[in-house]
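**Q** Structure provided below as structure tokens; questions to follow.
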Amino acid sequence: MNIEYNKLVRDNIPSQIEKTGIDCKYLIMDDEQYMAKLIEKMHEKMQDFESEFDSMNDEKAIHELAELQEVILALVVSVGVTEESFERIRNAKKKLDGGYDNKVLLLEACKNVDDMH
């Protein structure tokens, strides 16, 4: 019985499957296909995280966040940025705009009418 997946997997998954005595077919994608599958995987892992979070399964939710981070780092490298450069950009953005530690929910912003003239 064949099961079709057609999805991006981690590099060692095909060999791990073959070690169990199961044949598998895979291909190495070109850059355009790879980027599309990374974006698809990012959405998949985000949904997996939400599902585990909603189920209050913290351990599995953390594992899904680790998967999500791995996908994000693969996306970073795919667009030609090193992980180190990305981390510098992230840190600079955090220094400028802050993080999400204070749980701020912006409700609205209203421009002062006097400033419009």
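Here, each number is a calculation from the coordinates, and none is a lab measurement. These figures come from a predicted structure and were not determined experimentally. Ideal geometry is used to build each Cβ from the backbone, glycine not excepted, and the neighbour counts take in all protein chains shown.
**Q** Which of (1) part of a loop (DSSP other than H, G, I, E, B); (2) over 17 Å from the mean Cα position of the chain (by Cα) does Pro14 not meet, given it meets every other one?
**A** For Pro14, the exception is condition (1).
**Q** Would you kindly identify the helices (runs of 4 or more DSSP H) lying entirely within region 25-97 that contain at least 2 residues that are surrounded by 12 or more Cβ atoms within 10 Å (Cβ to Cβ) and of a type in the set (A, V, I, L, M)?
**A** Result: 31-54, 58-78.
**Q** Which is over 18 Å from the mean Cα position of the chain (by Cα), on the phi > 0 side of the Ramachandran plot and of a type in the set (S, T, N, Q), of Asn6, Asn57, Asn2?
**A** So the residue among Asn6, Asn57, Asn2 that is over 18 Å from the mean Cα position of the chain (by Cα), on the phi > 0 side of the Ramachandran plot and of a type in the set (S, T, N, Q) is Asn6.
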